[in-house]
Amino acid sequence: MSRLNSFRELEHLRQQLREQRQNITTTVMVCGGTGCQASRSRAVIDAVSDELSRQELDMRVRLCVTGCHGFCEQGPVMIIEPGNVFYCHVSPEDAFEVVYQTVMKGEIIERLLYTDPISGKTARIMSEIPFYRAQDRQILSQNLNVDPCSIEDYIVAGGYSALARVLTSITPEEVIEEIKSSGLRGRGGGGFPTARKWSESRAAPGDEKYVICNADEGDPGAYMDRCVLEGNPHLVLEGMMIGAWAVGARKGYIYVRNEYPLAVKHSRIAVEQARGLGLLGDNILGSSFSFDVDIARGGGAFVCGESTALMASVEGKVGEPRPKDVHTALDGLYHKPTTLNNVETWANVPSIILNGSSWFASKGTQGSKGSKGSKGTKILALTGRIKNTGLVEVAMGTPIRTVVFDIGGGAINGKLVKAVQTGGPSGGCLPVDKFDLAIDFDVLYEAGSMIGSGGMVVMDEETCMVDVAKYFLTFLQDESCGKCLPCRLGIDRMLEMVTDITDGRGRPEQLDLLEELADTVSQTALCGLGKTAPNPVLSTLRYFRPEYEAHIREKKCYAGVCKALITYSIDPDKCNGCGVCLRGCVYGAITGSKKQAHVIDAQLCQKCGICRSECKFDAIQVV
Amino acid sequence: MPPQTLDQILEGRRSQPNQLIEVLQDIQGDYGYIPKEVIQSVSQGLGIPLIEVYRVASFYKAFRLKPPGKNVLTMCMGTACHVRGARLLLDQATVQLGVKQGEVTPDGLFSVEHVNCLGACALGPIVSESGSYHHHMTPTKLRKLIETLRHQKTEAHQNV
Amino acid sequence: MLQYINVNIDGAIIHATKGTSVLDTAIEYGICIPHLCHVPYLSDIGACRLCIIEHVVNGRSNVTTSCTLKVEEGMVIMTSTDKIRKLRRNLAELLVAQAPNSRAIQDIALRCGVKEVRYPFRNEDCVLCGRCVRVCTEVWKARAIGFVGRGKERHVDFPFGIRPDFCKRCESCIQLCPMTITPCDGPMKPGKERLCGNCESQLIIAEQTPGSCVWCKLGEGFACGRYV
């Protein structure tokens, strides 16, 4: 394929590619995302490919290696069209049957279908699966039939038509107006109105401007951006191109965190392919717009998700944030006007251009008190102690309850859901009685949490909320750049106090001091990391204060987590003396004769958890 | 792919200070850590003060300043993995191997590290070893994994 | 050609030089805003956060550091509101709990109103103010020392921990270091650190007229703007 010199040539290529695929009767889509790869989907892909060659079906059947479909625990995942047949836990040995039965004869293989653990029913197609049914997969569905390493797939699916429309018939100011009417707000955590950021950069003097895609995704438990960037990098690129046109930038960077090698690889391939077709470079599609993109890798620092630290990192320096008295939209990368947006924000842009701002704004909430609400859909990473974990896309305004119970399927092992943690280390924990709250930037912020990047970790009765606060403080201490006093020393002292509490040395006055210190840090820290660092502590104190008090006054951890406050013991009624735990204990803490109830010596027990994970009779108790 | 030489890594990037992190990434990828002499050469090659290169190499977790063990066990300590018991895995590894995080065992076979989220949260808790992800780990599975790896190396040693 | 603009600091309309920071302007006019990492002839990094003030914009007040905020026409700044004094006091409390073994640090704590320390004392010998690094980098351009590591591991060091030969032992770093100004009775014994209170800070005067410069001894040994 050669360089495209006009909008017409792009459409011509699109026609050509579609015609070439007219003979394809069946498409087999296998997920090659990081999650399924960990479940060996590569071997499945190779096996299916071999089988198709052997049956000489290459010409009529298209094997498409796609990005993530979000239901990672069911991987490797395979979808077959026509029929939208959804297979899960596919193994390489199934390849022959899949090709022979389903592809060639159109018959369903029952044992590969998804079985709902609650109802026991099998689902034939994606939309029958409860996990998918309640979602609104505007962005994620685009991962379905696109091979991320194939620009042809993207073009066949309609890609780059938004860019073409913008370059031929929409002025930069009109683009910004359209984004403003759509109500798009930043999807990285800030929820800042995207159009306002773009206007500021557009109005800034100078002709050296930058756009940046923040793919640092540092929130632990969040992997939405990984999925979008790995699975559909051209979608993100197209969004960036439209944004660059709108603000007047000629250079862009995609900053990908070090821990996402596949996303780095796919982004690089996408950029090369776009350059090859002339969609990046000088005079794109014959217009006056010149724009190019480079990939910059992170070095393993959560703080580099903060815009000024990210820019310092692109400049080859340490990721230390600087004061933002002047916005980065005016003074950013190399002190030039820079528009930085999250992966998901960029990914929403092409569809807003194609479908119109009213389409986007028709989903979501109305907002109140001066806010215009939250529009469109949001991708959430639903993980933790629930049945169905994975990536979920819902319309803004969906209640938390729907996500946790209808999509997530409720708690595992018959436990009770206790809380949901949203927004990563900058967010907070919300108890079950707040689950009617909507997924909305302002609503969650008022409640003491935030949507953040979209991470949603579900916690049950066996999660200790004080331990959760300790976990986040430990994480933030590890990731703090250390420059400013309140963050460096404040987090340290908060962690010291919370550790006292989890280790049984807590004193009642520490709770008030914790709140006072948390308030000081949030008001005086230099950057967003420090300012939001107290949130996990503040929200757990707000909604779960009784747990803190139990740790302090009664020296008890009722969730059974804090090692200093729990004891492992064996329930003599459930123990049948099989001896598995005795053999597994490296500390020699378990004694007992065969077929007799065993006993744990509390002095020797180190609470390592091995016996508990080995016991098949649920006889190990933690009190 | 054989590791590149330092000259190859610096090619096309000389005297460009903003390439520092990319250069260090390539060195880390090929050599497993950033030796002291290399930091000096990078300082000269890119035209960055020595203290600045040292500073960047010590700031980012991706870069190690000391050689790692033959098997690097990386525990994911993300939130989703944490609520599924990742802490117990870390304790298991450090106790079983007798080292603290970031240290190498005396026989040079193992080092234990942690990472703050690999992005495979639905499969947690995750332990990564030489680029492959072991998912749904428990302390018992981890103990077996460590023993298997230890056995592999001693066998290979004996065969030589 | 110097340009002048008017800014409102604590109700006083001040004739400020365009391009200067709020902190420099305040000190110039005798309004003392406590600070630690600021040195008149070095760049400002906003690390210690002690110089925080309230910047009132459109009816909302933002807490920000005065050393990094440049003056602008019509700006309204408040340096000693109850909120600021409480925040500053809490920050100074963290500081002195971390490194009590220095007269300068003890003085700052008292100057900021610290009366009790509610955290266990530690005995660190560096508060990471960065004065040493900046003087070596910006004035002498030797670049012999710098910040190394991150977060809790952040510390000042030579490359690889070895003094390079381009360090000419000018000792400017030691001159500026707040930790080299020890308490009157000599260094406190480990385990016996405390909020001293005996040092000659002008605490009483500072309490009665918060914000006005008291020409304190701290400023003298400390290269405060009033003494340059």
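The values are calculated or read from the model by the stated rules, or taken from the named source; none is laboratory data. Note that this is a predicted model, so its numbers are computed, not measured. In this analysis, Cβ positions are derived from the backbone assuming ideal geometry, glycine residues included, and neighbour counts consider all displayed protein chains.
Within region A:250-282, the residues that satisfy the criterion of being without any contact (Cβ under 8 Å) to a residue 12 or more places away in the chain and more than 15 Å from A:GLY67 (Cβ to Cβ) are A:GLU272, A:GLY281, A:ASP282. Here the helices (runs of 4 or more DSSP H) wholly within region B:1-109 that include at least 1 residues being modelled with pLDDT under 90 are B:6-10, B:20-31, B:79-83, B:86-97.
Let's see how each residue does on (1) at pLDDT 95 or above; (2) farther than 30 Å from A:GLN603 by Cα; (3) surrounded by fewer than 24 Cβ atoms within 10 Å (Cβ to Cβ); (4) polar (S, T, N, Q):
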residue: A:ALA525; (1), (2), (3), (4): yes, yes, no, no
residue: A:GLY528; (1), (2), (3), (4): no, yes, yes, no
residue: A:PRO534; (1), (2), (3), (4): yes, yes, no, no
residue: A:TYR543; (1), (2), (3), (4): yes, yes, yes, no
residue: A:GLU549; (1), (2), (3), (4): yes, no, yes, no
residue: A:ILE552; (1), (2), (3), (4): yes, no, yes, no
residue: A:LYS556; (1), (2), (3), (4): no, no, yes, no
residue: A:ALA564; (1), (2), (3), (4): no, no, yes, no
residue: A:THR567; (1), (2), (3), (4): no, no, yes, yes
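Residues in region A:208-224 that are surrounded by fewer than 24 Cβ atoms within 10 Å (Cβ to Cβ) and either within 7 Å of chain B (Cβ to nearest Cβ) or among the charged types (D, E, K, R) (or both): 2 in all. Taken together, C:ILE77, C:ILE84, C:ILE52 contain a single residue that is within 9 Å of chain A (Cβ to nearest Cβ) and touching a residue at least 24 places away in the same chain (Cβ under 8 Å), which is C:ILE52. Just to verify a result, which residue in region B:121-144, among those that are free of Cβ contacts under 8 Å to residues at least 12 places away in the same chain and hydroxyl-bearing (Ser, Thr, Tyr), is farthest from the other protein chains (Cβ to nearest Cβ)? Among those that are free of Cβ contacts under 8 Å to residues at least 12 places away in the same chain and hydroxyl-bearing (Ser, Thr, Tyr), it is B:SER132. Taken over region C:113-128, the residue count meeting the criterion of being within 9 Å of another protein chain (Cβ to nearest Cβ) and either buried (at least 19 other Cβ atoms within 10 Å of the Cβ) or among the aliphatic types (A, V, I, L, M) (or both) is 2. Among residues of region B:48-67 being buried (at least 17 other Cβ atoms within 10 Å of the Cβ) and of a type outside the set (A, V, I, L, M, F, W, C), the one that is farthest from the other protein chains (Cβ to nearest Cβ) is B:ARG64.
Taking region A:435-537 and the helices (runs of 4 or more DSSP H) fully enclosed by it, the elements with 2 or more residues that are touching a residue at least 12 places away in the same chain (Cβ under 8 Å) and within 11 Å of another protein chain (Cβ to nearest Cβ) are at A:465-479, A:485-502, A:509-524, A:528-532.
Residue-wise test of (1) surrounded by fewer than 20 Cβ atoms within 10 Å (Cβ to Cβ); (2) charged (D, E, K, R); (3) at pLDDT 95 or above; (4) out of contact with any Pro (no Cβ under 6 Å at 6 or more places or on another chain).
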site	(1), (2), (3), (4)
C:THR81	yes, no, no, yes
C:ALA142	yes, no, no, yes
C:PHE147	no, no, yes, yes
C:GLY151	no, no, no, yes
C:GLY161	yes, no, no, yes
C:GLN175	yes, no, no, yes
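With respect to the conditions (1) modelled with pLDDT under 95; (2) more than 23 Å from A:ALA329 (Cβ to Cβ); (3) polar (S, T, N, Q), A:SER371 falls short on a single one, namely (2).
Let's see how each residue does on (1) more than 32 Å from the chain's Cα centre (by Cα); (2) assigned by TED's automatic domain parsing to the domain that holds A:SER161; (3) at pLDDT below 85; (4) surrounded by fewer than 21 Cβ atoms within 10 Å (Cβ to Cβ):
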| residue | (1), (2), (3), (4) |
| --- | --- |
| A:ARG3 | yes, no, no, yes |
| A:VAL28 | no, no, no, no |
| A:ALA43 | no, no, no, yes |
| A:PHE71 | no, no, no, no |
| A:GLN74 | no, no, no, no |
| A:HIS89 | no, no, no, yes |
| A:TYR100 | yes, no, no, yes |
| A:GLU107 | yes, no, no, yes |
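Only a single item in (1) closer than 30 Å to B:SER58 by Cβ; (2) acidic (Asp, Glu); (3) surrounded by fewer than 22 Cβ atoms within 10 Å (Cβ to Cβ); (4) more than 10 Å from chain B (Cβ to nearest Cβ) is not met by A:GLU315, and it is number (4).
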